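The values are calculated or read from the model by the stated rules, or taken from the named source; none is laboratory data. Please read all numbers here as calculations on a predicted model, not as lab measurements. In this analysis, Cβ positions are derived from the backbone assuming ideal geometry, glycine residues included, and neighbour counts consider all displayed protein chains. Note: accessible area is taken over every heavy atom of the protein model, side chains too, but ligands, DNA and RNA are not part of it. Shrake-Rupley method; radii C 1.70, N 1.55, O 1.52, S 1.80 Å.
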Amino acid sequence: MSIKILSVVGARPNFMKIAAVCEAIREYNASSKPLLIDHVLVHTGQHYDTNMSDMFFNDLELPTPNLFLGVGSGSHSIQTAKIMEGFEKVLLAEKPDMVIVVGDVNSTVACALVTKKTCWTTQTERDFIPKLVHVEAGLRSFDRTMPEEVNRIVTDALSDVLFTTEESANENLKREGVSEDKIHFVGNVMIDTLLRYRTKAKESTILKDLQLYDNDGPKPYAILTLHRPANVDDHGTLSKMLDAFLQISRDLPLVFPAHPRTLKQIQEADLGDYFVDHFLDRPEPWDSRVRIRLLPPLGYLDFLELMSLAQVVLTDSGGIQEETTILGVPCITLRDNTERPVTLTHGTNVLVGSDCKKIIEEFGRVVQGQRQTPPAPQLWDGNAARRIIRTLVEEETRSVGLPLPSGAETILGIDSQHPD
Ligand code: UD1
């Protein structure tokens, strides 16, 4: 017997999350169970550039997607609608038992909606709607102007099984009326992937390539990532923030792998003077001018290595707040809120928003202060995806009336750490 699971990826932050799920499924199937998992991977094509998508498949040894929808960019409505149209055809052709969506991007909400609106008749003449599984459920910024917050709320409201990364998510879901038996606190799949690839990332030559390494080892530097519409789409906000970053780059080299959205805004607003341009074939030696060091988006392993050895990371990303927490690297978040409060209470994260003065003050405090290495948040231990697969197999086994696969917990090796 087998369960058919269809997983969805679309945008960059999905790839490292699904990589952990793919690995847990591979491991589960390799230990020959009565109930095997037939896994289908669907890529919506929301992100399509080599350095926003393909590089992650290579670095994370992800299987080639079984299906590619090729939706590309567009307004939120157009992109969501295109994904829905393509994904409905996939569901009707594949007829999975369940669909796994991760995170909070447009691909997540679009495929969640389609999953719960598509019905077919089974061989036993039953009407069947697949189970919707949300990995990284329950996070809330309480800011509905963020597209991701809308995606999170809708996806969670529709999901049958909700896997959470931190206690705040459990509380948010319960407050919104999600029944407790649907919520499973399992830890963080993104951290599973980080822990799995940390050693391999050491082989990256990125520091040498960027002249950030000499005979004494890594030189001090900071990293910047910036792509939220609230920070980059308004040219006034963007240029004020760049003033702060330029000032920071006088104290520490500031490496900035830029998201395509941000790059487009920099070009449109003619803000090139802030940067040493490493898109050029022969970049100027960095020491000759103090400027922010602009790079194309980096692959997973290069970015992980760069982040691991940085003095500080400035970012408006959600995932990087979590990764720096585990790496013990100070993180200055360029937002007023976070949907990941455990990174503030148990991690290295501090919120400063987009205010130039606050950014510079916090940067000064961090580089002069002692580095903290707080203990990892609960269950961020590399086993989240195993817990997810175990829970799904158990639920499915129960629902089809099979006995639990013998030894499943021992084989998965996680029983002692499971919080349920
Ligand atoms: C999306 C997610 C965001 C996530 C981010 C990570 C939503 C609502 N937002 O934002 O949560 O943090 O991905 O990267 O889903 N572009 C390219 N090449 C690509 C992809 C995008 O050039 O491969 C450009 C296009 O001009 C596009 C723009 O980036 O219009 C924005 O892409 P989109 O997928 O709409 O949103 P992101 O800003 O990437």
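Pull up all non-local amide H partners of R335: gap of 5 or more, or a different chain, and H-to-H distance under 5 Å with H placed in the peptide plane.
Close amide H contacts, sequence-distant or interchain: V352, G353.
Can you pull the percent of the range 56-163's accessible area that's carbon plus sulfur, 1.4 Å probe, other chains left in place?
Values: 2480 of 4660 Å².
On the range 56-163, the fraction of accessible area on carbon and sulfur atoms equals 53 percent.
Tell me the label-point distance for the pair T122, D181, using the 7 Å Cα-to-Cβ offset, in nm and rounded to one decimal.
1.8
Among rounded, prolate and oblate, which fits the range 1-149 when a ≥ b ≥ c are the square roots of the eigenvalues of its C-alpha gyration tensor, a/c under 1.5 means rounded, and a/b larger than b/c means prolate?
Values: a/c = 1.62, a/b = 1.21, b/c = 1.34.
It comes out oblate by the Cα gyration axes.
Efficiency by 1/(1 + (r/R0)^6): what FRET value for L36 and R261, r their Cβ-Cβ distance, R0 = 56 Å, to the nearest 0.05? Can you show the working numbers first?
Values: r = 41 Å, r/R0 = 0.73.
According to the calculation, E is roughly 0.85.
List every residue whose amide H lies under 5 Å from the amide H of L224, counting only residues 5 or more places away in sequence or on a different chain, with H placed 1.01 Å from N in the peptide plane.
For L224, the qualifying residues are V255, F256, L314.
Skip the ligands, DNA and RNA, and give the accessible area per residue of the chain with a 1.4 Å probe, whole Å². Present the calculation step by step, with values, prior to reporting the outcome.
Working: 17930 Å² over 420 residues.
Heavy-atom accessible area per residue stands at 43 Å².
Does the chain come out rounded, prolate or oblate by the C-alpha gyration tensor, with a ≥ b ≥ c the root eigenvalues, rounded set by a/c under 1.5 and, if not, prolate when a/b is larger than b/c and oblate if not?
Values: a/c = 1.90, a/b = 1.68, b/c = 1.13.
Since a/c reaches 1.5 and a/b is larger than b/c, the shape of the chain is classed as prolate.
Can you classify the range 164-227 as rounded, prolate or oblate using the Cα gyration tensor, where a ≥ b ≥ c are the square roots of its eigenvalues, rounded means a/c under 1.5, and otherwise it's prolate if a/b beats b/c and oblate if not? Numbers along the way, then the final one.
Values: a/c = 4.86, a/b = 2.80, b/c = 1.74.
Prolate.
In degrees, nearest 10, range 0 to 90: what is the angle between the Cα axis of helix 356-368 and the longest Cα principal axis of the chain?
It works out to around 90 degrees.
Could you derive backbone 3J(HN,Hα) for the range 90-102 from the dihedral phi with the Karplus parameters 6.51, -1.76 and 1.60 (θ = phi - 60°), listing whole Hz in sequence and x where the residue is Gly or Pro?
Here the 3J(HN,Hα) series is 4, 4, 5, 7, 8, 6, x, 6, 8, 10, 9, 10, 10 Hz.
Where does each of L158, L41 land when they are ordered by accessible area, with a 1.4 Å probe and the largest first?
Working: L158 55, L41 5 Å².
Largest accessible area first, the list is L158, L41.
I'd like the accessible area for M84, computed on protein heavy atoms only with a 1.4 Å probe and all protein chains in place. Round to 10 Å², please.
Its accessible surface works out to 60 Å², give or take rounding.
Take the Cβ-Cβ distance between R198 and K240 as r, set R0 to 45 Å, and report the resulting FRET efficiency rounded to the nearest 0.05.
Numbers: r = 36 Å, r/R0 = 0.79.
The computed FRET efficiency comes out at 0.80.
What accessible surface, in Å², does a 1.4 Å probe find on H76, ignoring ligands, DNA and RNA and rounding to the nearest 10?
It works out to around 90 Å².
With the crude spin-label approximation of a point 7 Å out along Cα→Cβ, what separation in nm comes out for D270 versus F142?
Those two pseudo-labels are separated by 4.3 nm.
In debye, nearest 20: dipole of the chain around its Cα centre with unit charges on the Cβ of K, R (+) and D, E (-)?
On the way: 43 positive and 59 negative charges, 13 e Å.
Dipole of the chain, to the nearest 20 debye: 60 debye.
Whenever you get a sec, line up F68, F256 from highest to lowest accessible area (probe 1.4 Å, protein heavy atoms). Each step should come with its number before you reach the end.
On the way: F68 125, F256 0 Å².
Most to least solvent-accessible, the answer reads F68, F256.
T373: accessible area at probe 1.4 Å, nearest 10 Å²?
Roughly 120 Å² of T373 is accessible to a 1.4 Å probe.
Taking 0.36 nm per residue of sequence separation and subtracting the Cα-Cα distance, how much length would be gained by fully extending the chain between F68 and N51, in nm to one decimal? Spell out each step's value before the answer.
Values: separation 17, 0.36 × 17 = 6.12 nm, distance 1.70 nm.
Full extension from F68 to N51 adds 4.4 nm.
With all protein chains present and a 1.4 Å probe, how do D336, D355, D316, D302 order by accessible area, largest first? It would help to have the intermediate numbers written out before the result.
Details: D336 130, D355 75, D316 0, D302 50 Å².
Largest to smallest exposure gives the sequence D336, D355, D302, D316.
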